Amino acid sequence: MPGVVWGPDVGSGLLALAVVLPVAGALLILPLGRHAERVPHLLFMAGLVLATAIAYHVWIGGVLTAAIGGWPAPLGIVLRADGLSAVMLLTTALVLVPVGIFAAGEFQPRTADGRESRAGLLFWPLMMGVWAGLNGTFLSNDLFNIYVALELLTLAAVPLVTLEGKAGTLAAALRYLLFALLGSLLYMLGAALLYGTHGTLDLTLLADRVRDDASALIAAALMTAGLLAKTAMFPLHLWLPPAHGGAPAAASAILSALVVKASFYLVVRLWFDLFPSLLDDTGATVLGLFGAAAILSGSVLALRQARLKLLVAYSTLAQLGYLFLMFPLAGGGTEAQPWTAGAWSGGIFHAVSHAFAKASLFLGAGILVQGIGHDRIADLRGAARSLPMVIAAFGLSGLSLMGLPPSGGFIAKWLLLTTAMASGRWGWAVVMFAGGLLAATYVFRVLNRAMATPEQPLRLVQPVHQSRQLAVLFLALVSVLLGLVPAIPFELLQIGGGLSTVEGFR
């Protein structure tokens, strides 16, 4: 393969910098306060360049590792980037740039009357904490370091929900925190059991030592349950709609697009890299049933919502369900099949396309609240004329949610659907068809209202800066254009993980 392969020292430095950069950003922004307005944007752009460099290195040279301080595992901290890690890092960076542009108009360090704004001063350090937690989760190769990254992610994400200081958001944040702490406890119990049995927490070493026995099964069940609580997978989803629906728009976008994907990413790591021998028909089917229940219940609940932000929040629950259909389609059975790679790639690609679509939807809902003063679906008549760019972005993102071509959601769901039909598992196909129809119903419900002619012209109660509208449209366009990209992302996903560890692909 043509290209320049960087030396190991350069590659290792990139991984360490990916974790250090957001931490340094938080430490820099805190003392600067109101003078740090442009620092986050510079950091996000630097992060995008860094994530692109890591993805390029993995694409050209394969798996990238870094032993911090020169101490290898199990004594030292090891960072590892394979194709899946690189894709998640790049997705995170690409989402953060437009969300940062959007948030700049909402979270200013000072209010219009010159007073310091608590939300404006806290938002950017918290965002840096979320970014550091995400990068740490995607790059850590040690179960304890992953736990530390997850806790950093939780401790930064929960306060984002409360920035507006309303009683409802405080209650939602507390519920979020309780579910997250429960998830952390279960995860650590499973990790402790593995350490007591095998004497290491390094994923690479554990993959060679773990056997198909009772201790491994109990550890896998505990850790999976904890991560499902953090992912808000049915039936552990009760914290997600009020938290995502009540948070500021920029915070909701990050929570729905990225934060819940970190714990899903770890579920994938556990079952496909660490416990592939345990992913039999029973375990995979259970995960798939959780996903199917999430698709149907989340879609029905989305249809019943009167507010746009809550509709989008329940839609997140439904769309997360598709991610868990990859387990019975790619991991079930005792022998890998030719279509297995399509199901695995489809599940990951859906996580990526959903990140852009859902970030766009939450930001668009925030603009509607700013521009027309509310997000009541029944009173959106004329919104398409007043804010055409936002409604167009909603329609484009809706294509991905419905799984219609040429969107990224179509490619992802097509891979899952064809896998279900090729393997004769028609039940999963029926669930996906039903989910697509329900998604179309709630998307067109909003579009129908927004494009209806009002009795009186709809006037904006507050002007909306064009840069914020362009950020929403950019995310929506990316969610659609992902369906037109060449096969490079799918080939990148297969480097160093995922199906390379599934039985039959070793």
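Residues checked against (1) within 30 Å of Ala243 (Cβ to Cβ); (2) touching a residue at least 24 places away in the same chain (Cβ under 8 Å); (3) in contact with a helix residue (DSSP H, G or I) (Cβ under 6 Å, 6 or more places away or on another chain):
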| site | (1), (2), (3) |
| --- | --- |
| Gly168 | yes, yes, yes |
| Ala192 | yes, no, no |
| Asp212 | no, yes, yes |
| Ala219 | yes, yes, yes |
| Leu222 | yes, yes, yes |
| Ala225 | yes, yes, yes |
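Do we find that Leu310 is surrounded by fewer than 22 Cβ atoms within 10 Å (Cβ to Cβ), hydrophobic (A, V, I, L, M, F, W, C) and outside any helix (DSSP H, G or I) in this structure? Please lay out each step first, then the result.
Numbers: surrounded by fewer than 22 Cβ atoms within 10 Å (Cβ to Cβ): yes; hydrophobic (A, V, I, L, M, F, W, C): yes; outside any helix (DSSP H, G or I): no.
No, not satisfied.
Please verify whether Trp339 is surrounded by 24 or more Cβ atoms within 10 Å (Cβ to Cβ), among the aromatic types (Phe, Trp, Tyr) and at pLDDT below 90, treating the condition exactly as stated. Please lay out each step first, then the result.
Values: surrounded by 24 or more Cβ atoms within 10 Å (Cβ to Cβ): no; among the aromatic types (Phe, Trp, Tyr): yes; at pLDDT below 90: yes.
It is false that Trp339 is surrounded by 24 or more Cβ atoms within 10 Å (Cβ to Cβ), among the aromatic types (Phe, Trp, Tyr) and at pLDDT below 90.
Provide a single number: the residues in the range 17-39 that are in a helix (DSSP H, G or I), small (Gly, Ala, Ser) and either surrounded by 16 or more Cβ atoms within 10 Å (Cβ to Cβ) or at pLDDT below 90 (or both). Steps first, please.
Here is the first cut: in the range 17-39, the ones in a helix (DSSP H, G or I) are 17-35, 39.
Those left that are additionally small (Gly, Ala, Ser): 18, 24-26, 33.
Still in the list and also either surrounded by 16 or more Cβ atoms within 10 Å (Cβ to Cβ) or at pLDDT below 90 (or both): 18, 25-26, 33.
Residues flagged as in a helix (DSSP H, G or I), small (Gly, Ala, Ser) and either surrounded by 16 or more Cβ atoms within 10 Å (Cβ to Cβ) or at pLDDT below 90 (or both) within the range 17-39 amount to 4.
Filter the helices (runs of 4 or more DSSP H) completely within the range 227-304 down to those with at least 2 residues that are in contact with a helix residue (DSSP H, G or I) (Cβ under 7 Å, 6 or more places away or on another chain), touching a residue at least 60 places away in the same chain (Cβ under 8 Å) and surrounded by fewer than 21 Cβ atoms within 10 Å (Cβ to Cβ). Outline the logic, then answer.
Details: elements: 240-246, 249-254, 260-268, 281-303.
Output list reads 281-303.
Restricting to the range 47-93, count the residues that are more than 10 Å from Leu15 (Cβ to Cβ), out of contact with any Phe, Trp or Tyr (no Cβ under 6 Å at 6 or more places or on another chain) and assigned to a helix (DSSP H, G or I).
22
Just a yes or no: is a residue in the range 115-123 more than 17 Å from Ala250 (Cβ to Cβ) and either surrounded by fewer than 19 Cβ atoms within 10 Å (Cβ to Cβ) or modelled with pLDDT of 95 or more (or both)? Let's see the steps before the verdict.
Looking only at the range 115-123, we keep the residues that are more than 17 Å from Ala250 (Cβ to Cβ), and these are 115-116.
If we keep only those that are either surrounded by fewer than 19 Cβ atoms within 10 Å (Cβ to Cβ) or modelled with pLDDT of 95 or more (or both) too, we end up with 115-116.
For the range 115-123, residues more than 17 Å from Ala250 (Cβ to Cβ) and either surrounded by fewer than 19 Cβ atoms within 10 Å (Cβ to Cβ) or modelled with pLDDT of 95 or more (or both): present.
Tell me, which helices (runs of 4 or more DSSP H) wholly within the range 355-455 include 2 or more residues that are more than 18 Å from Ser256 (Cα to Cα), among the charged types (D, E, K, R) and modelled with pLDDT of 90 or more? Write out each step before concluding.
Working: elements: 383-386, 388-402, 408-422, 426-451.
Where helices (runs of 4 or more DSSP H) fall fully within the range 355-455 and carry at least 2 residues being more than 18 Å from Ser256 (Cα to Cα), among the charged types (D, E, K, R) and modelled with pLDDT of 90 or more, they are 426-451.
Starting from residues that are of a type outside the set (Gly, Ala, Ser) and out of contact with any helix residue (DSSP H, G or I) (no Cβ under 6 Å at 6 or more places or on another chain), keep the ones in the range 52-67 and report whichever is nearest to Leu203 (Cα to Cα).
As a first pass, look at the range 52-67 and keep what is of a type outside the set (Gly, Ala, Ser): 52, 54, 56-60, 63-65.
Now drop any that are not out of contact with any helix residue (DSSP H, G or I) (no Cβ under 6 Å at 6 or more places or on another chain), which leaves 52, 56, 60, 63, 65.
On the way: Thr52: 25, Tyr56: 24, Ile60: 24, Val63: 14, Thr65: 13 Å.
Going through the qualifying residues, I end up with Thr65.
Which of (1) under 23 Å from the mean Cα position of the chain (by Cα); (2) surrounded by 19 or more Cβ atoms within 10 Å (Cβ to Cβ); (3) not hydroxyl-bearing (Ser, Thr, Tyr) is the odd one out, the single condition Leu404 does not satisfy?
The single condition Leu404 does not satisfy is (2).
Which residue out of Phe444, Phe474 is hydrophobic (A, V, I, L, M, F, W, C), surrounded by fewer than 21 Cβ atoms within 10 Å (Cβ to Cβ) and free of Cβ contacts under 8 Å to residues at least 60 places away in the same chain? Give the derivation first.
Details: Phe474 fails: free of Cβ contacts under 8 Å to residues at least 60 places away in the same chain.
Every option except Phe444 fails the conditions.
The values are calculated or read from the model by the stated rules, or taken from the named source; none is laboratory data. None of the values given here were measured: they were computed from a predicted structure. In this analysis, Cβ positions are derived from the backbone assuming ideal geometry, glycine residues included, and neighbour counts consider all displayed protein chains.
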